[in-house]
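Since the structure comes first, as structure tokens, the remarks are kept for the end.
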Amino acid sequence: MYLYNYSPCFPFPKVSCWVSVLLKLFHLFFSRIILPISVEEYQVAQLYAVAEASKGETGGGEGVEVLKNEPYKDGDEEGQYTHKIYHLQSKVPGWIRALAPKGSLEIHEKAWNAYPYCRTGNPYMGERFSIEIITWHKPDMGTIENVHGLSEAEWKKCQVVNIDIAADLDEPKDYKEEEDPTKFKSVKTGRGPLLAGWQKALEADPNTPHMCAYKLVKAEFKMFVLQSKVQNTIQNMEKRLFTNFHRKLFCSMDRWHGMTMNDIREMEEKTKTELDEVSLIPTHQ
């Protein structure tokens, strides 16, 4: 799911004039995120960061509801399946709340985590708008061009962005000093801070692990939408999400480093219990 701070956000900008058309629009956005972390470490780090963010997003009658978190097997593919609901009444502008159909501000996230491959789907506004994120985690420096195996025509249409988690943020209001990779140094591993030229230094350093998260975002619209700005809005939103999440993940290294998958599953179960206790799911009028 894309959350930020792993919390979902509605993709349409607030505008004063509606210029809408009924269409089916398919949009592709591809990003590479290089990290001074091994693929094995990232599996734990990502799950830890998601669990922590889920707790931070719940309370006051809204938040995250965990319906399922269980192993799955589909042919040769097997991993962990999760189904969560994000209750968003306070996360969107009032004009959207007024226009949104009943139940449309409940976002169902279904994720199939067959690490190092992961697929996450989010239908919005019923089935009229959906976003799917497909991720490959590879032990390289982002050198694979079309890791998801898109057709030549799809790849040509795909907007590609390389994300540097140590670069200045597009949104200054997102900045948190405790989540600044240029200031963080891990006590446990000695990694960091990530200063100018850190990616080249990482590539040349045989003693520090590295990896790349290759994320493909597919957005499909089957609804009346604002034709102008919608694609840029999605791309900017996802870039912001991926950047902020991975800054937080890197700077929390000393909290998750050394944890096992058993530790993570225990943490997830504890988190689910805490969410069930504090989340007062609203009654629909």
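Each value in this text was obtained by applying a stated rule to the coordinates, not by laboratory testing. None of the values given here were measured: they were computed from a predicted structure. Note: ideal-geometry Cβ built from the backbone for every residue, glycine included; neighbour counts use all protein chains shown.
A few comments on the model shown:
- Sorted by Cβ neighbour density within 10 Å, fewest at the top, the residues L169, L47, L249: L169, L47, L249
- Going from the fewest other Cβ atoms within 10 Å to the most, the residues I85, I264 appear in the order I85, I264.
- Cα-projected label distance for K188 with H83, points at 7 Å along beta-carbon direction, nm: 3.3
- Using R0 = 30 Å, the C-beta based FRET efficiency linking N262 and Q159 works out to 0.15.
- Each label was represented as a point 7 Å from its Cα along the Cα-to-Cβ direction; for E171 and N69 these points are 2.5 nm apart.
- When each of T182, T271, T260 is scored by the number of other beta-carbon atoms lying within 10 Å, the sequence from fewest to most is T260, T182, T271.
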